1. Run the paramagnetic zone check for Asn255: 7 angstrom along Cα to Cβ, then residues of segment 142-163 with backbone nitrogen under 20 Å.
2. List the trypsin sites (Lys or Arg not before Pro) in segment 33-122 that DSSP assigns to loop (not H, G, I, E or B) and whose Cβ has at most 10 other Cβ atoms within 10 Å. Which are they?
3. Suppose every K and R has +1 on its Cβ and every D and E has -1 on its Cβ; what is the size of the dipole of segment 169-253 about the Cα centre, in Debye to the nearest 20?
4. For a quick check of your reading of the filter: which trypsin sites (Lys or Arg not before Pro) in segment 180-275 sit in a DSSP loop and have no more than 10 other Cβ atoms within 10 Å?
5. Work out how much length Asp26 to Glu213 would gain on full extension: take 0.36 nm times their residue separation and subtract the Cα-Cα distance, in nm to one decimal.
6. Name the residue from Leu96, Ala66, Gln53 whose Cα lies farthest towards the positive end of the charge dipole of segment 1-106, charges +1 on Cβ of Lys and Arg and -1 on Cβ of Asp and Glu.
7. Sort all Cα-Cα distances of the chain into consecutive 5 angstrom bins from zero, then give the percent of pairs in each bin up to the one containing the longest distance.
8. Which residue, Leu193, Val222, Leu212, has the largest displacement toward the positive end of the dipole of segment 128-233 when charges sit on each Cβ (Lys, Arg +1; Asp, Glu -1)?
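The values are calculated or read from the model by the stated rules, or taken from the named source; none is laboratory data. A quick note: this is a predicted structure, and the numbers were derived from the prediction, not measured. A quick note on method: Cβ atoms are made from the backbone with ideal geometry, for glycine too, and the neighbour counts reach across all protein chains shown. For accessibility, only protein heavy atoms count, side chains too; no ligands or nucleic acids. Shrake-Rupley method; radii C 1.70, N 1.55, O 1.52, S 1.80 Å.
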Amino acid sequence: MAELSGQRAMIYPPIAALATGLLVADHRPWQVRLWQIPVLLTLGALIGTMLEQWLPEVPVVALLMAFLLTGMVLMTFRSTLFPTVATAMLPIILHLTTPLYPLTVALIAMMMVSLNRIAVSRGWKDVDPVNGTKRRSPLDRRRQWLLMAAGILPLLLMAEYGGHAALVAPPLMVVFATLCQPGNALRHHPHRLVRALILTTCCGVIGKEILLEFCGMPLFIVMPLVLLTAFTVLRQCRLLMPPLAALSLLPFVMNGPVWNYPFFALVGAGYLFVCSRTDWRVLRAVGVIRS
């Protein structure tokens, strides 16, 4: 449909994250009920499109507000469905103001939830238990989202004034939020994350620049092929992290050549990885922030 209509709003890279989490992974990676998934993602899409309409001249402010507002939504629902963050930031980066984007997000989310229910009912996938979030005070959760927003601000400024949007690829923000969660073990294995990130972004570049642009293959064949390759890569890396799969589809919504996409995505991921290892309790102990 995106190819026939020529509407970039109908290409939704986080669909790769949803497919990974709901259909491919053995266990659901987010703390969320199935019915909440379309609700949260649609709210994220509406937040992003409205901010792009209201603040088109100050994209850094719009992106920061999208990050914080989706954080508030997730805290309200006591959920860790971090693809909501990417869903809100994507229309600002791509300058999408059409209502077609929230509609597409809602339809795709409902489709993925339906496929998950079918897979469970047929016995192809185990039932995922709904786990509650870790016991943390609302103050701790708010402080964490504010510190994450402060962490991404320098990267947003570099991306805006340096002209390299790949530095703040929305799936990278999902990776960042995931790594910042208490007890996340992936922070201790950066080599696995780097290897998977390089390979999945290269899958996207090869798909767009060689298969789509050079070979002239149709989009409806290239994108599933790229996504299947990304799933295979993540399996081989033993790292089924949903936002990494979404990184493979992002080149298809970017304008112009994307040969440098893996490099800038890696630079952005490196910066965010360092930020994720900063503990707010340490900052409070040395007086950088107050209790």
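1. 156-163
2. The qualifying sites are Arg122.
3. It works out to roughly 360 debye.
4. The qualifying sites are Arg238.
5. The span from Asp26 to Glu213 would gain 63.8 nm if fully extended.
6. Ala66
7. 1, 6, 12, 17, 20, 19, 14, 7, 3, 1, 0, 0
8. Farthest along the dipole direction, towards plus: Leu193.
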